[in-house]
Amino acid sequence: ENVWGSALTGLICAACSVQGGGSFLGISSDVYLLAYVASLATKLADTFASEIGKAYGKTTFLITTFERVKPGTEGAVSAEGTAAAVVGGLLLSLFGYAIHLISWPGVIVSTIAAFLATNAESLIGATLQEKEGFEFMTNEVVNFINTLIGAFIAILGGVLILGM
């Protein structure tokens, strides 16, 4: 289940990148490749943020109210975890650049998309996950939404900022 939640967005983006001879649904293959990399960068950023934040976060706050909470609380953020999110998103984006999936400006867009999506995931965790009426909002569902947000931000960045 966790694999689907983490990788389904990337699979969809990869499939769209090879459809239609250069574009699919009016979006270029290069934009879908950027979204593919960003979806994976988002997942790595989220993993880095939560694991480093839980292990090394000195002070954790709820992203919605900034009240102090225990590490591992849904929606908790720390300076260490936040910095780790940037590193995780950057590492995966640099790998995408190294294997010629994205351009250098794409690295910047992908890293920013991953960082923003990871923070959006913290908001989702704080406001919806483990709440009454939202039992369907499992980690797998949240991971899928997280990577979808990262890919969507990358598509917007690719089209609107990079002019792809």
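The values are calculated or read from the model by the stated rules, or taken from the named source; none is laboratory data. Please read these numbers as outputs of a predicted model, since none were measured by experiment. A quick note on method: Cβ atoms are made from the backbone with ideal geometry, for glycine too, and the neighbour counts reach across all protein chains shown. Ligands, DNA and RNA are stripped out before the accessible areas are found, and what is left, the full protein with its side chains, is counted by its heavy atoms. Shrake-Rupley method; radii C 1.70, N 1.55, O 1.52, S 1.80 Å.
If DNA, RNA and ligands are ignored and the probe is 1.4 Å, what is the ranking of 46, 30 by accessible area, most exposed first?
Order by accessible area, largest first: 30, 46.
What FRET efficiency comes out for the pair residue 47/residue 23, r = Cβ-Cβ distance, R0 = 25 Å, nearest 0.05? Provide the component values of the computation, followed by the final result.
On the way: r = 32 Å, r/R0 = 1.27.
About 0.20, to the nearest 0.05.
As a test of reading the structure, rank 82, 147 by solvent-accessible area (1.4 Å probe, protein chains only), most first.
Order by accessible area, largest first: 82, 147.
Give the aspartates and glutamates reachable from residue 58 as a straight Cα distance under 20 Å; neighbours fewer than 8 places away on the same chain don't count.
46, 67, 74, 80
Using Cα springs under 10 Å in a Gaussian network model of the chain, which residue among 113, 15, 76 shows the largest mean-square fluctuation?
Greatest mean-square fluctuation among the candidates belongs to 15.
With springs only between Cα atoms under 10 Å, which of 91, 44, 148 fluctuates most in a Gaussian network model of the chain?
91
If the reach is capped at under 18 angstrom between alpha carbons, list the lysines near residue 131, excluding any in the same chain fewer than eight residues apart.
List returned: 70.
Ignoring any ligand, DNA or RNA, what whole percent of the accessible area of the stretch 51-164 comes from carbon and sulfur when the probe is 1.4 angstrom?
69
With a 1.4 Å probe and all protein chains kept in place, how do 54, 131, 43, 70 rank by accessible area, largest first?
70, 54, 131, 43
Quick one, can you get me the convex hull of the C-alpha atoms of the chain expressed as volume per residue in Å³?
112
Residue 2 to residue 127: FRET efficiency via 1/(1 + (r/R0)^6), r the Cβ-Cβ distance, R0 25 Å, to the nearest 0.05? Show your work: numbers first, answer last.
On the way: r = 22 Å, r/R0 = 0.86.
Efficiency, from the Cβ-Cβ distance: 0.70.
Over the stretch 1-69, one equal point on each Cα, no solvent: what is log10 I(q)/I(0) by the Debye formula at q = 0.14, 0.23, 0.24 Å⁻¹?
-0.59, -0.93, -0.97
At a Förster radius of 45 Å, what calculated FRET efficiency corresponds to the Cβ-Cβ distance of residue 100 and residue 55, to the nearest 0.05?
The computed FRET efficiency comes out at 0.85.
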